[in-house]
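The values are calculated or read from the model by the stated rules, or taken from the named source; none is laboratory data. This one's a predicted model, so the numbers in the text were calculated from it and none came from an experiment. No Cβ is skipped: glycine too gets one built from the backbone with ideal geometry, and neighbour counts run over all protein chains shown. To get the accessible areas, we keep the full protein, side chains included, count just its heavy atoms, and leave off ligands, DNA and RNA. Shrake-Rupley method; radii C 1.70, N 1.55, O 1.52, S 1.80 Å.
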Amino acid sequence: MIDATKLVIEGAIDRALRQIAMDSRRGLRNLVDLGLLFNKSGWRQFFLRSAQNMLSDDNSAYYELARRLQSTVDNSRLKTFGIALGYESCTKGAKRIREIEQSHGFDIPWALTILAGSEGVSQDAANRLIAQGKNLGVHAFALIDQGLDMEALRRTLEEHQDCAFLLMLQGGKKQVQKLEVLEEYQNFIVSIDAGQEDAMEKTEWLQSRRFLYSVHTFYNDNTASQVIDPESLDRYLQYAPAAVFLLAEAGTKVETLHRTAENVVAIRKTPNYAYLLFEALYDVMYLDNIISQDDCAMAITKDGKAVCLRSGGSWSSGCSIYENSLEQILRRTASKGGCHG
């Protein structure tokens with residue numbers, strides 16, 4: 001069935017990208033204005049109004065970011081990934097998530113993280129999990145590289161072209177170069193570990209292929225202030241990423257995560273850095289809370305166990321994806337209002 005709304009959005013994005021090439025201020029503002037016209041629900045209005053405020057400064061670095069992405073990333077990638085994330089996930093998918101939560105009484109995370117690959121969740125199992133998630137309205141997935149096989153990943157991207165994927169690669173440059181087999185697919189963004197010595201080589205290779213990419217870095221209780229100090233924020237610019245993700249290491253105190261997230265929100269509202277900065281866990285849960293009034297995220301560990309994450313901390317369900325469907329796990333462990341065993 002033809003999705004008329006999606007066709008209109010695709011046309012609008014095409015026009016906006018052409019406008020950004022000539023005038024980034026006008027192009028971005030028109031895109032946000034169009035979003036406000038099409039999206040009447042409260043939470044989307046909130047995000048679009050926030051974007052409008054961030055673009056109110058004519059000297060905002062976000063205009064530089066828009067110009068750079070338009071000129072260095074294949075524009076069809078920007079459009080395809082943007083529609084998969086903004087429309088399929090945060091609009092259509094979110095609507096289905098709310099409907100199922102209301103009728104069935106359990107929380108559904110809007111995004112699912114899977115540690116996948118030869119040393120983690122098998123890619124066949126990950127693919128089944130993605131299909132199960134889509135049935136519940138989930139259309140955003142982060143795949144953490146645990147020995148990902150690119151040919152298997154190609155099949156996943158082919159089968160789930162209406163989903164947005166974040167591929168967090170952990171291997172060396174050769175692992176990144178294997179992304180060549182994925183060049184025909186455009187519904188993903190790659191993320192490179194900024195803490196690795198060859199990070200610059202990897203990002204330069206991604207630039208040469210006009211891929212959409214970000215960088216990520218890890219922090220703990222001792223390093224939380226360092227990853228967001230002015231020197232670090234400036235250093236991320238050398239990679240010319242679309243986004244920077246801060247990832248809390250296991251064992252990091254909840255107070256540290258909250259403090260880091262508050263600082264990230266304040267930094268993101270300033271026009272000083274030509275990339276989008278995120279505290280990965282907090283921002284996932286923040287959006288989930290806006291979508292369905294309860295913050296709930298879920299990660300699948302290397303051995304296939306589901307971990308429920310909330311603003312108050314994390315709790316391992318003990319449920320295995322090899323023995324339970326995603327719906328069964330959520331019914332047992334994520335009743336509305338809190339995760340339970």
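Between 242, 97, 206, the Cα set farthest toward the positive side of the dipole of the chain (charges on each charged residue's Cβ, about the Cα centre) is that of 97. Within the straight-line cut-off of under 22 Å between alpha carbons, the lysines reachable from residue 174 are 202, sequence neighbours fewer than 8 places apart in one chain being disregarded.
For segment 163-215, the set of GluC sites (Glu not before Pro) satisfying both a DSSP loop assignment and a count of at most 13 other C-beta atoms within 10 Å is given as 183, 184, 197. The P(r) of the chain has a tail past 28 Å containing 40 percent of all C-alpha pairs. Size of segment 46-202: Rg and Dmax of its alpha carbons, in Å, are 17.1, 49.
Extension gain for residue 222 to residue 59 (0.36 nm times residue separation, less C-alpha to C-alpha distance): 55.3 nm. At a probe radius of 1.4 angstrom, the accessible area of the chain per residue rounds to 45 square angstrom.
Packing, as the average of other Cβ atoms within 10 Å across residues, places the peptides 137-148, 209-220, 118-129, 2-13 in the order 137-148, 209-220, 118-129, 2-13, highest first. By the combined test of axial Cα extent (at least 24 Å) and Kyte-Doolittle hydropathy (mean at least -1.0), the qualifying DSSP H helices of the chain come to 4-22. With contributions of -39500 (n - 2.57) from each DSSP H run of at least four residues, the per-residue ellipticity at 222 nm computed over the chain stands at -14500 deg cm²/dmol. Put 236, 286 in order of accessible area, highest first, and with a 1.4 Å probe you get 286, 236. May I ask which residue of 254, 230, 220 lies farthest towards the positive end of the charge dipole of segment 217-328, with charges of +1 (Lys, Arg) and -1 (Asp, Glu) on Cβ and the Cα centre as origin? The one lying farthest along the dipole's positive direction is 230. Report, in listed order, any pair from 134/173; 95/336; 6/134; 6/95 with a Cα-Cα distance greater than 21 Å. Among 134/173; 95/336; 6/134; 6/95, the Cα-Cα distance tops 21 Å for 134/173. Taking label positions 7 Å along the Cα-Cβ direction at both residue 258 and residue 118, the computed distance is 4.3 nm, reported to one decimal.
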